[in-house]
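The values are calculated or read from the model by the stated rules, or taken from the named source; none is laboratory data. None of these values were measured; they are calculated from a predicted model. Here Cβ is always computed from backbone atoms with ideal geometry, including for glycine, and neighbour counts include all displayed protein chains.
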């Protein structure tokens, strides 16, 4: 494995990072007051792995989220270009779905559509730069 950051996936990996952080921020905001005051008794999380950590208290939950983001971002930074590109897209799409579960609950399906347009616009920009840079 080459431990040098891949310059061709720089833009898309930051979109993946944004997508992860946006979803995880909505997840933290979506927890009830009782969750934060009573060490994870009332957990609002669909992902089984994060549900496990969140049921052990807010500190465990936040630590697991930070570790997850660091590991995923590290992986897409140092793996070969195609794997990084596929991994970035998987993170973007997966966390788009996660964020939309919160957005549609609070703001309706229109919020999910607006978020999709935002991510697609940034993705097209990043992809255009990716292909322009990789041809040289």
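Condition (residue is outside any helix (DSSP H, G or I) and over 17 Å from the mean Cα position of the chain (by Cα)) applied to region 81-93: is it met by at least one residue? Spell out the reasoning first.
Of all residues in region 81-93, those outside any helix (DSSP H, G or I) come to none.
Scanning region 81-93, I find no residue that is outside any helix (DSSP H, G or I) and over 17 Å from the mean Cα position of the chain (by Cα), so the answer is no.
Scanning region 113-131 for residues that are over 18 Å from residue 77 (Cα atoms), surrounded by fewer than 18 Cβ atoms within 10 Å (Cβ to Cβ) and touching a helix residue (DSSP H, G or I) at 6+ places or on another chain (Cβ under 8 Å) turns up 116, 122, 125.
Selection of region 93-121 for residues being in contact (Cβ under 8 Å) with a residue 40 or more places away in the chain and more than 23 Å from residue 44 (Cβ to Cβ) yields only 119.
Being surrounded by 11 or more Cβ atoms within 10 Å (Cβ to Cβ) and modelled with pLDDT under 85 is a property that does not hold for residue 63.
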